[in-house]
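Laboratory data are not the source of any read-out in this text; all were calculated from the coordinates shown. Keep in mind it's a predicted model, so treat the numbers as computed, not measured. Positions of Cβ are generated from backbone atoms using ideal geometry, with glycine treated the same way; all protein chains shown enter the neighbour counts.
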Amino acid sequence: MTNKTPVSLGLLGAAGFMVIADVRVIDPLLRVIADDFKLNVGSAAVIVSAYTIPYGLFQLVYGPLSDRIGKLKVITAAMAAFAVGTAACAFVPNIAILALLRCLTGIVAAGIIPVSLAYIGDNFAYEERQTAIGRYLSGVILGQILGGTLGGIFGEYLSWRDIFLLFGVVSLAIAALMWRRSHRLPKEQHHTSSPMGLATFKPYYQLMTQAIARTIIIGIFIEGFFVYGAFAYIGAFLRDKYNLSYLIIGFMLCGFGLGGLIYSGTVKWLIRKLGERNLIAVGGWLLCAGYLSIAAFHNWMLFIPLSILMGLGFYMMHSTLQTKATELTPEARGTAVSLFVFSLFMGQGIGAAVFGRIVDNFGYIPCFIIAGVASALLSVWLVMQNKHVRFR
């Protein structure tokens, strides 16, 4: 295994940036798009689910596909298709066509970030992989931070259509660079030649027969369910509780991503000082402290440092599990990472729905208390599973 990747972490990170920015850009634009098509916000929100559901489901396809034909081929082709689909969103005549394009874009976007993580796993020794993934995630986190901000700027001063055209052009340039750097290289090694079909899903069953895989996949589902499921309602809580403007709320929510950037910049030092077990433990308790503090202290100014600490805690736990996922099946790394991301998205989707019922019936505070306690318990459970996971 080598760390001499033909496609750099920076270029892979740029692709990840575009995918996440494309997801987050919808948040501030939903009202603008609804008004443009003369719809209420609830009806326009179909474009959100039209993207996220296929994005989660198609993880299960791209893992075996990338192991079969090569990860760089899948990433480059998916990026090119993503660019075309995103740019086409600028010219839609109605919400139905926009939803269809968002669905198709979500399908191809699913083949970029998880396969990139598997590609990193193939090209970096385990001792260097956590640091490499942390650096790669810098681009993804920047997309999370800047996507909503760019959407707000274009929605306020330009046009929501223009941002999709811009994203499409930039994504096409990234795809072209990937193709240029990779097409002349020796063929990438891949590990299976079996045809795609129902047997495609057999590796997932085989993977889940391993105790370490079950621990990681269950753990990431729980993380997505509680951490992301509850986080979806923090913006609404800040609006309802403190009547803050959406612009201020958007900037405040960026603190979570800033915490992730702090993690990616200090990951090598953190691993050396804490080790994987303590990264998991500290990360879970930081999330717990953040959620419980939001519930207990009625001062919105405190949310700014709290959101940064929560982002740091989340990535300490999440990136460690992600690194472990890349080591589950070295001979079919794409399959393992795809199952990991599928589990995360399913947990997030189900968690958001469940916490929505809690918020409607009991308010925001119980939601945050449950999420905080669950985050701490998850970290304790994961550390106790060390005999299976073998944290370093």
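With the cut-off at under 12 Å, measuring from each backbone N in the range 92-131 to a point 7 Å along the Cα-to-Cβ line of Val383 picks out no residue. Rounded, prolate or oblate, given the Cα gyration tensor of the range 99-149, with a/c below 1.5 counting as rounded? Taking the square roots of the gyration eigenvalues as a ≥ b ≥ c, the range 99-149 is oblate. In order along the range 365-377, the phi-based Karplus estimate (6.51 cos²θ - 1.76 cosθ + 1.60, θ = phi - 60°) of 3J(HN,Hα) comes to 4, x, 4, 6, 5, 4, 5, x, 4, 5, 5, 5, 4 Hz; Gly and Pro are listed as x.
Legend: ranking of residues Glu128, Glu223 from fewest to most surrounding C-beta atoms inside 10 Å; resulting order Glu128, Glu223. FRET efficiency for the Lys202 to Ile304 pair, using the beta carbon distance and R₀ = 51 Å, is estimated at 0.60. Our coupling estimate for the range 10-19, obtained by passing each phi through the Karplus curve with A = 6.51, B = -1.76, C = 1.60 and θ = phi - 60°, is x, 6, 4, x, 5, 5, x, 4, 5, 5 Hz, Gly and Pro reported as x. The Ala296 and Ile69 beta-carbon pair, evaluated with R₀ = 41 Å, returns a calculated FRET efficiency of approximately 0.20. So how far apart, in nm, are the two label points at Ile365 and Glu327 if each is 7 Å from Cα heading toward Cβ? Rounded to a tenth, the inter-label distance reads 4.3 nm.
Between Leu57 and Lys273, the contour length at 0.36 nm per residue exceeds the Cα-Cα span by 74.0 nm. Alpha carbon centre of the range 262-314 versus the range 332-370: separation in Å? Taking the Cα centre of the range 332-370 as reference, the centre of the range 262-314 is 19 Å away.
Determine the shape class of the range 199-291: with a ≥ b ≥ c the square roots of the Cα gyration tensor eigenvalues, call it rounded for a/c under 1.5, and otherwise prolate if a/b is greater than b/c, oblate otherwise. Oblate is the answer for the range 199-291, as a/c is 1.5 or above yet b/c matches or exceeds a/b.
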